[in-house]
Amino acid sequence: MANITTAPRGTQDIITTESYKWQFIEKMALENAALFGFKEMRTPTFEQMSLFKRSVGDDTDVVQKEMYEVRAEKGKDLYGLKPEGTAGIVRSVIQNNLLKGALPLKTCYVTSCFRHERPQAGRLREFHQFGVELFGPGSPSADVEVILVAKNLFDMLGLKNISLNINSIGCPECRKDYHAALKAYFEQYKDKLCPTCLERLDKNPMRILDCKSPVCSEIAKGAPVVTDYLCDECKEHFDGVKARLKALNISFEVNPKIVRGLDYYTKTVFEFISTDLGAQATVCGGGRYDGLVEQLGGDPTKALGFAVGLERLLLIMDAQGVTIPTPEVCDLYIASIGEDASIKACELTNMLRAEGFYIECDLMDRGVKAQMKYANKIGAKYSMVIGDSELESKKARLKDMTSGEEIEVALDESLTKKLYDITLSGQINKLTDEASADGLYELFAKGFNK
Ligand code: HAM
């Protein structure tokens, strides 16, 4: 039996010393998307299984092999944990009549996703995506806008060596001829294809192209490419996308082998690939899905989007040594000796927190030595000790934990101003010019953020 203190295979905890990195990339992703007008949506972690079958596709590996099924009661509706973010967003957009509002509708999300894949570096069973979904426009400009959202995020984070690969997989019209060509090609290898791909041969031969079995993927290398079968409209659209990317000086490569692993795509598809990810090199995948809204019961509406894998994004940042701002450290640790001092420490702590400082005091009923050890461990910038004599004199010594320097401070409201002054000026010994410190305090009083 699995050890209950071990997280399920293919999942990972984001612990206290790591969470700031996640807060940072999620904030950057959402703020960047907001610059383009994308607003966040949150949809359930599980949806009807049939939603995924009809959107991601019955014949895809994701639905056939990787879904986590959820059944609350025997014999009742079958649900699935979301393997990706698009299906739930499209369902929600239809259900909430969002397409009746202003178009284009620009949505974005951060979500957990679940796929029962073989775990390896950059491939998990629970992973996280940041994605955007844009509803309404059919123009090539919209494709480029969506690509730009992803590219801007990578640029904002200072990432290097991420290349853009694009392709067009056409519309249902031009795909008829392509399917026929694929079928004819794969039929020659009928005796070698895996059982799943044999089933796909008649129904959905494009799915054979992204089968992960080594034999099928070797055979797929010689298959006809979709770009040779595009209709005039799809060709023109793709030319429009390429022309705009060129005009914007965005380098890209046309890779006719990109077909994506999900069924809903039409026309433009794209992937951002990193050289820092090893086998799982795709950090972002997306494209158009002009038929999906209608297919799920909404009014015919063109749409497109992408999703970035956040674990992979962090792997790249780590490999490239991108610095992530470290979390706030404790401004002041207030140590206390005795019950009355502990009450005073509690009072001062809360007074200073109300002013926006990060303050800690003893919660473990420890001796002063152990309290100071803790203050050191958490890297507190300043400390003070309150005991009987401090309570009596209503004064204490505020210690700069780096330089060891101390100043005397009053244990009343004036402590707030003192702390503003020293945290802003950096350290105690810089506090020579009271006038300028007063100026800084004024700045705070006017709402300047610490
Ligand atoms: P996808 O290519 O299946 O597309 O996934 C998008 C990204 O999620 C991948 O490029 C990768 O970074 C990350 N990812 C996928 N599977 C895993 C995994 N097992 N472990 C870690 N990361 C993973 C979609 O999901 C589409 N919904 C994207 C989209 C949005 N298309 C249009 N709108």
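The values are calculated or read from the model by the stated rules, or taken from the named source; none is laboratory data. This one's a predicted model, so the numbers in the text were calculated from it and none came from an experiment. Glycine also receives a Cβ, built like all others from the backbone with ideal geometry; neighbour counts cover every protein chain displayed. Just the protein is used for accessible areas: all its heavy atoms, side chains included, with ligands, DNA and RNA removed. Shrake-Rupley method; radii C 1.70, N 1.55, O 1.52, S 1.80 Å.
Here are the numbers:
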| item | result |
| --- | --- |
| Candidate set: the stretch 82-109, residues that are within 13 Å of the ligand (Cβ to nearest atom), open to solvent by less than 40 Å² (accessible area, probe 1.4 Å) and part of a strand (DSSP E or B); chosen: the one nearest to residue 26 (Cα to Cα) | 109 |
| Pairs where the first residue, in the stretch 55-81, is within 20 Å of residue 92 (Cβ to Cβ) and hydrophobic (A, V, I, L, M, F, W, C) and the second is within 16 Å of the ligand (Cβ to nearest atom) and at pLDDT below 90, C-beta under 7 Å, 6+ apart | 62/261 |
| Hey, residue 2 surrounded by fewer than 15 Cβ atoms within 10 Å (Cβ to Cβ), among the small types (Gly, Ala, Ser) and either within 21 Å of residue 327 (Cβ to Cβ) or modelled with pLDDT of 95 or more (or both) or not | no |
| Residue count, the stretch 351-384 (criterion: in a strand (DSSP E or B) and either in contact with a helix residue (DSSP H, G or I) (Cβ under 6 Å, 6 or more places away or on another chain) or open to solvent by 50 Å² or more (accessible area, probe 1.4 Å) (or both)) | 3 |
| Only listed residue being basic (Lys, Arg) and over 21 Å from residue 206 (Cβ atoms), chosen from 65, 106, 53 | 106 |
| Spans of helices (runs of 4 or more DSSP H) in the stretch 124-206 with at least 2 residues within 15 Å of the ligand (Cβ to nearest atom) and closer than 15 Å to residue 305 by Cβ | 140-156 |
| Matching residues in the stretch 62-77 - criterion: being farther than 17 Å from residue 116 by Cα and within 16 Å of the ligand (Cβ to nearest atom) | none |
| Residue check for residue 159: buried (at least 16 other Cβ atoms within 10 Å of the Cβ) and modelled with pLDDT of 95 or more | yes |
| Candidate set from the stretch 259-300 (those that are closer than 21 Å to residue 212 by Cβ, surrounded by fewer than 21 Cβ atoms within 10 Å (Cβ to Cβ) and of a type in the set (S, T, N, Q)); member that is nearest to the ligand (Cβ to nearest atom) | 282 |
| Filter result for residue 254 (more than 15 Å from the ligand (Cβ to nearest atom), of a type in the set (Val, Ile, Thr), open to solvent by 40 Å² or more (accessible area, probe 1.4 Å) and at negative phi) | yes |
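Quick grid of which residues meet (1) in a loop (DSSP other than H, G, I, E, B); (2) touching a residue at least 24 places away in the same chain (Cβ under 8 Å):
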site: 9; (1), (2): yes, yes
site: 15; (1), (2): yes, no
site: 20; (1), (2): no, yes
site: 29; (1), (2): no, yes
